[in-house]
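A short worksheet on the structure shown next.
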Amino acid sequence: MYKIMTAGPSQVRENVREARALPCTNPDIDPAFFDFYHETCSLLSKALHTDLTAFILGGEGILGLEAACASLTEPGDRVLVIDNGIFGKGFADFVKIYEGDAVLFTTDYHEPVPLDALAAFLEKDHNFKYATVVHCDTPSGVLNDVEAISMLLDSYGIMVVADSVAGMFGEPLDLGHSKIDILCGGSQKALSCPPGLTMVWVSDRAFAAMENRKTPIRSFYANLLAMKDYYEDQWFPYTMPVSDINGLRQALDNFLADKDVFERHACIAHATREAIKAAGLSLYLKKGMSNTVTVVNVPQGITDRELLQGMARDYNILISGCFDVLAGKVVRIGHMGESCNRKDVVDTLYAMQKVLEAHGIPLKCDMKEKFMELSCS
Ligand SMILES: *Cc1c(COP(=O)(O)O)cnc(C)c1O
């Protein structure tokens, strides 16, 4: 068994695995399941301080991104795709699939989207139905101020789709003080369930836009409108994955009972970054690092594959490489949710150091010691 320290999926606590083993009901006809699902969705809203309605969809995190675009986009709609990372840019693909006109606003991948540059852009061009933005863009680990960005977009009447799959539950997100219309989350990042579920929070304005479309939503599975009245109608468009949802509920209860979850993420992330820098390695980002993941440039003298394979083979620890424009350039340590604990990060830094040294790359300090000196207990 590997210790999972990837940029998601993260580790899964035993009580979540046990909850997934509870007896199953028929979720299409058992009224108790509708109540349970409804209550769990209310807790999801509570967790993000919002009265937006939450839904749980049967499908990995990507389903939420596609469902948001499928449900809002009509052919020819102009959509602003805020791009300072690989997932940010990736939204354009979904927009195009549904025949929207994706307009990229691209900024430096090494830092958060600068609000002043976005404001200047919008002043000239703001004729968009909605915009897409990513909270934590995991390949670089950059954290965008999605609350402030949504306020700016809202001042032009532009709806906002935000991907916080790898941010929420590890980074504070005050949905109640934002103008986000569809927020997308996934089960397998900081919430620490296995992959398999998407969570979405949807505003009344977004539902109204779906209801007022001139053309029908061109998807069944990715149609958010089909979920809207499930509780009143006691009807789901497809059979809900009961066991996955039982696990998610337990993970959510774990999160809600965890009083210093954000402090822990902040201090472990800080200590990880400082230990890596003190060792003479470099971080990909200039600023705006998310506390859920640390992205390290691959040093001279080793490839990303050698580092990943060495850590897996000799130390049983999995960290992430990267893809697209960052393929081969960086490796990523996920310290989110259950993986955000001192012991596992210590083991990870130790293994990384040993593999680098075995490849003749000397480090300037003992990363494990440095981390322990800096991190909270
Ligand atoms: C993980 C993640 C998703 C879901 O995508 P998968 O890579 O398929 O798990 C979506 N957005 C972001 C920012 C993510 O980190």
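Looking only at the stretch 170-190, decide whether some residue is of a type in the set (V, I, T), away from the ligand (no atom under 16 Å from the Cβ) and closer than 25 Å to V79 by Cβ.
The answer is no; no qualifying residue exists.
Being surrounded by 15 or more Cβ atoms within 10 Å (Cβ to Cβ), of a type outside the set (G, A, S) and without any contact (Cβ under 8 Å) to a residue 24 or more places away in the chain narrows it down to one of F220, F207, so name that one.
Result: F207 is the single residue among F220, F207 that is surrounded by 15 or more Cβ atoms within 10 Å (Cβ to Cβ), of a type outside the set (G, A, S) and without any contact (Cβ under 8 Å) to a residue 24 or more places away in the chain.
What number of residues within the stretch 27-57 satisfy the criterion of being in contact (Cβ under 8 Å) with a residue 40 or more places away in the chain, open to solvent by 20 Å² or more (accessible area, probe 1.4 Å) and aliphatic (A, V, I, L, M)?
Result for the stretch 27-57: 2.
Would you kindly identify the helices (runs of 4 or more DSSP H) lying entirely within the stretch 274-377 that contain at least 2 residues that are open to solvent by less than 10 Å² (accessible area, probe 1.4 Å) and β-branched (V, I, T)?
342-358
Restricting to the stretch 109-156, name every residue that is touching a His at 6+ places or on another chain (Cβ under 8 Å) and free of Cβ contacts under 8 Å to residues at least 40 places away in the same chain.
Selection gives V146, E147, Y156.
Please identify the pairs in which a residue from the stretch 357-377 that is within 14 Å of A279 (Cβ to Cβ) has its Cβ atom under 6 Å from the Cβ atom of a residue that is open to solvent by 70 Å² or more (accessible area, probe 1.4 Å), counting only partners at least 6 apart or on another chain.
Hits for this filter: K368/Y350.
Checking L72 against (1) more than 19 Å from the chain's Cα centre (by Cα); (2) surrounded by fewer than 24 Cβ atoms within 10 Å (Cβ to Cβ): exactly one of these is not met. Which one?
(2)
The values are calculated or read from the model by the stated rules, or taken from the named source; none is laboratory data. These figures come from a predicted structure and were not determined experimentally. In this analysis, Cβ positions are derived from the backbone assuming ideal geometry, glycine residues included, and neighbour counts consider all displayed protein chains. Accessible surface is based on the protein model in full, side chains and every heavy atom, while ligands, DNA and RNA are left aside. Shrake-Rupley method; radii C 1.70, N 1.55, O 1.52, S 1.80 Å.
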